[in-house]
Amino acid sequence: MHKFFYLIFLPVLTSCAFVPEEWLFSQSFKEMHSSSMSYKISPPPPQSFFTGSQTVYQNNYVLNETTTVKVGETVLRVQAFKKEDFVSNELILDQPVKVKIGTDSFTLPAKKYPIFGMFKYGGESYFVLQKLNRYYFLVDMDGLLQRMFLYEVKGRGNRVTIFPDRAKLFHETARLKRVSFFRQEKTPFLDFEVIYDGIKNNQIVLFYKNAVPGTDGGSGSFDTLSYPADSTMISVAGRLLRIIRADKEQMTYIVVKE
């Protein structure tokens with residue numbers, strides 16, 4: 001009777017000895033074998049997100065560059081356009097990354113990747129790339145590709161689990177950048193031109209034309225600006241000009257500040 005008992009009980013004890021308690025109750029073991037540890041990927045960010053606006057200038061001059069114009073030629077031509085900046089729901093990988101997961105090996109090519117969704121774990125938020133071989137790769141908010149990844153739970157709809165192993169990445173510090181773009185107005189909201197009109201009555205004379213936006217100088221207001229002929233620095237429409245030489249035929253100058 002005792003021999004029969006030991007024959008039954010001994011294999012049970014032996015099998016338990018090969019599964020350490022700390023591994024049996026580890027987070028990875030629970031995630032791999034518990035259906036309750038599945039997650040749902042949240043929807044992706046908006047298709048585009050406004051990040052700010054700025055003014056873009058198109059000027060006919062270069063700061064601190066010497067220029068010479070003749071009478072009737074343009075001293076300054078300035079157009080200002082409104083530009084709005086956006087980021088899209090895409091990430092771009094500049095260099096390919098080799099990935100190894102267990103016996104699986106493949107390459108993430110350098111290209112744009114649509115953001116499939118968002119995922120929160122451990123108090124951190126991640127971008128989720130589109131599924132590849134049932135794997136969902138994660139990218140943190142700084143663009144770093146993660147070794148942790150999600151795995152599709154077969155037969156559970158859109159449920160995923162955190163795979164207990166970690167992917168091997170070559171290189172390990174691979175980063176993706178959020179794709180950005182901008183929209184710029186075609187019609188300037190500011191458009192003016194300053195023309196050299198020579199020396200008259202011992203004065204440097206400039207002809208100022210402030211165009212109505214969208215008319216490309218076809219209509220607007222006009223004015224005459226005069227400065228002493230011996231001036232070395234003059235302020236014109238918010239620009240500071242150093243006058244090197246001015247006579248009845250031409251003027252040499254440098255735009256030093258705007």
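The values are calculated or read from the model by the stated rules, or taken from the named source; none is laboratory data. Since this is a predicted model, take the numbers as computed values, not measurements. Cβ coordinates were reconstructed from backbone atoms using ideal geometry, including for glycine residues, and neighbour counts include every protein chain displayed.
Out of all the residues in region 234-249, which are among the basic types (Lys, Arg) and assigned to a strand (DSSP E or B)? Reasoning before the result, please.
Here is the first cut: in region 234-249, the ones among the basic types (Lys, Arg) are 239, 242, 245, 248.
Within region 234-249, Arg239, Arg242, Arg245 meet the criteria.
Only one of the listed residues (Leu241, Leu145, Leu206) is crowded, with 18+ Cβ neighbours inside 10 Å, at pLDDT 95 or above, within 30 Å of Asp94 (Cα to Cα) and touching a strand residue (DSSP E or B) at 6+ places or on another chain (Cβ under 8 Å). That residue is Leu145.
Here is a check on your reading of the model: is Phe181 of a type in the set (Phe, Trp, Tyr) and either exposed (fewer than 13 other Cβ atoms within 10 Å of the Cβ) or outside the structural domain of Tyr135 (by TED's automatic domain parsing) (or both)? Yes: the conditions hold for Phe181.
From the list Val139, Val78, Val69, the lone residue that is closer than 27 Å to Gln54 by Cα and assigned to a strand (DSSP E or B) is Val78.
Residue-level check: of (1) modelled with pLDDT under 95; (2) in a loop (DSSP other than H, G, I, E, B), Ser231 misses just (1).
Find the residue count for region 128-141, including only residues that are over 17 Å from Tyr151 (Cβ atoms) and either surrounded by fewer than 13 Cβ atoms within 10 Å (Cβ to Cβ) or in contact (Cβ under 8 Å) with a residue 24 or more places away in the chain (or both).
Within region 128-141, residues that are over 17 Å from Tyr151 (Cβ atoms) and either surrounded by fewer than 13 Cβ atoms within 10 Å (Cβ to Cβ) or in contact (Cβ under 8 Å) with a residue 24 or more places away in the chain (or both) number 1.
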